[in-house]
1. Quick check: residue separation of residue 180 and residue 25 times 0.36 nm, minus the Cα distance between them. What number comes out in nm?
2. Give me the percent of the accessible area of the chain that comes from carbon and sulfur atoms, probe 1.4 Å, all protein chains in place.
3. Rounded to the nearest 10 degrees, what's the angle between the helix 60-70 long axis and the longest principal axis of the chain, both from Cα atoms, 0 to 90?
4. Using only Cα atoms, tell me the angle between helix 8-52 and the longest principal axis of the chain; keep it within 0 to 90° and round to the nearest 10.
5. Out of the trypsin sites (Lys or Arg not before Pro) in region 39-115, which ones are loop residues according to DSSP with at most 13 other C-beta atoms within 10 Å?
6. Tell me, what is a quarter of the convex hull surface for the C-alpha atoms of region 40-145, in nm² with one decimal?
7. Report the net charge of residues surrounding residue 123, where surrounding means a beta-carbon distance below 15 angstrom and charges are Lys +1, Arg +1, Asp -1, Glu -1.
8. Holding the Cα-Cα limit at 25 Å, pick out from 145/165; 46/164; 47/164 the pairs that are longer than that.
Amino acid sequence: MKLNTNSNSYIIIYSAILVVIVAFLLAFVYQALKPMQDANVALDVKKQILYSLNIRGLDGSAAEAKYAEVVKEEQDVDGQKVYACQIDGQDIRVASMKGMGLWGGISGYVAIDKEGKVFGAYFNHESETAGLGAEIKDSQAWQEKFIGKKIYDENGNVILSVVKKVDNPESQVDCVTGATLTSNGVDAMLKDCLKNVKPTKAEEE
């Protein structure tokens with residue numbers, strides 16, 4: 001019996017078989033590439049932590065080696081990742097952070113020295129506006145404004161802030177121009193994620 005390639009049943013069966021084959025191939029490719037994807041994600045996290053320690057420009061094995069050199073321990077503080085590091089003999093703690101920007105999630109790392117000041121900072125985003133909110137990631141100059149800022153007051157409260165007008169340069173950073181809501185998200189993220197991460201000096205006293 002001759003197969004009727006114009007019948008509805010043939011088209012449905014053909015389409016179903018094609019979908020199954022494509023789905024199988026996609027699943028196979030995904031599984032084959034997953035170890036490489038996971039490795040790339042892990043490397044990207046390590047590079048972001050290095051950025052917060054003011055170590056930039058390293059890729060691949062160089063970044064892996066530097067991370068292994070400076071990051072001594074990964075800790076969990078109330079569900080938050082904190083990394084104990086050593087830079088030129090200094091004990092530095094790097095706190096991971098997650099928050100919300102204008103259009104989606106934002107994240108970052110803040111390196112804290114023994115005096116409770118910012119050693120370095122790096123911020124990232126999922127979908128902020130290019131040239132505006134995306135500057136929290138793209139502008140190294142803006143990230144460097146955090147260096148040396150005081151994070152805590154004498155009672156351990158987080159006073160590090162991102163504001164529209166800087167009144168206290170000791171602990172405040174001016175917001176990204178034209179990106180007030182994203183900057184507010186960074187400010188809220190700092191307040192929420194740094195409150196449980198104290199400098200090492202406080203632990204020693």
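1. Values: separation 155, 0.36 × 155 = 55.80 nm, distance 4.54 nm.
Taking residue 180 through residue 25 to full extension adds about 51.3 nm, to one decimal.
2. Values: 6600 of 11910 Å².
Here carbon and sulfur together make up 55 percent of the probe-accessible area.
3. 40 degrees
4. Long axis of 8-52 versus the principal axis of the chain: about 20 degrees.
5. Details: sites: 46, 47, 56, 66, 72, 81, 93, 98, 114; in loops: 56, 114.
Qualifying residues, ordered by number: 56.
6. Numbers: hull surface 28.5 nm².
Projected over every direction and averaged, the Cα hull of region 40-145 covers 7.1 nm².
7. Numbers: positive: 47, 56, 98, 137, 145, 149, 191; negative: 44, 126, 128, 135, 138, 144, 174, 187, 192.
Summing Lys and Arg as +1 and Asp and Glu as -1 gives -2.
8. On the way: 145/165 14 Å; 46/164 31 Å; 47/164 30 Å.
Check vs 25 Å cut-off fails for 46/164; 47/164.
The values are calculated or read from the model by the stated rules, or taken from the named source; none is laboratory data. Computed from a predicted structure; not experimentally measured. Cβ atoms come from the backbone with ideal geometry, glycine included; neighbour counts cover every protein chain shown. Just the protein is used for accessible areas: all its heavy atoms, side chains included, with ligands, DNA and RNA removed. Shrake-Rupley method; radii C 1.70, N 1.55, O 1.52, S 1.80 Å.
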